[in-house]
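This report concerns only the one structure given below.
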Amino acid sequence: MKKFLAKSTKGIVSLYFLGFLLYVSLLCSIVLGNDYHRIKAIENMKEDTIYFQQEKLILDNFRLILQKEQIDKNTCPFEIHDGTAYYSVEGEYQELLIIYFDPQTKEIFDFDVERMSK
């Protein structure tokens, strides 16, 4: 009868191992998730830098065109309509720049960007 009253400890090592395995798995998944989000942030910053450089180059070119006395619509790469200029960028990073300016003072007020999805 005493044989049945004794406490059984056969599965205690397996429970400790299972708990340790779950803890290590959780820790690894958190570290991998953090690394994934960091890599995505770096990729987004790299893409944003490319778009920023592209837009700055276009705005600088438009400022040079505005400094001229007369804007020749035939040779100008911008499509200009009543104080609004449109420029479509082709290539890997496609976008449409809409530049708002004053034709009399030749000052750029603002610009909008519509990015095409990849």
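Some observations on this one:
- Leading residue by the ranking (farthest from Ser117 (Cα to Cα)) among those in the stretch 90-103 that are under 18 Å from the mean Cα position of the chain (by Cα) and either small (Gly, Ala, Ser) or not in a loop (DSSP other than H, G, I, E, B) (or both): Leu97
- Among the residues of the stretch 75-89, those that are part of a strand (DSSP E or B) and more than 29 Å from the chain's Cα centre (by Cα) comprise Ile80, His81.
- Residues being modelled with pLDDT of 90 or more, among the hydroxyl-bearing types (Ser, Thr, Tyr) and closer than 16 Å to Tyr51 by Cα - total across the stretch 88-116: 1
- Residue count for the stretch 48-89, restricted to those that are closer than 15 Å to Met116 by Cα and of a type in the set (A, V, I, L, M): 2.
- Pick from the stretch 37-87, criterion among the polar types (S, T, N, Q) and within 16 Å of Pro103 (Cβ to Cβ), ranking: modelled with the highest pLDDT: Thr84
- The criterion of being at pLDDT 95 or above, surrounded by 10 or more Cβ atoms within 10 Å (Cβ to Cβ) and assigned to a helix (DSSP H, G or I) holds for Leu27.
- Selection status of Ile42, part of a helix (DSSP H, G or I), in contact with a Cys (Cβ under 7 Å, 6 or more places away or on another chain) and farther than 18 Å from Arg115 by Cβ: no
The values are calculated or read from the model by the stated rules, or taken from the named source; none is laboratory data. What you see is a predicted model; the values in this text were computed from it and never measured. Don't worry about glycine lacking a Cβ; one is built from the backbone with ideal geometry, like all the others, and counts go over all protein chains shown.
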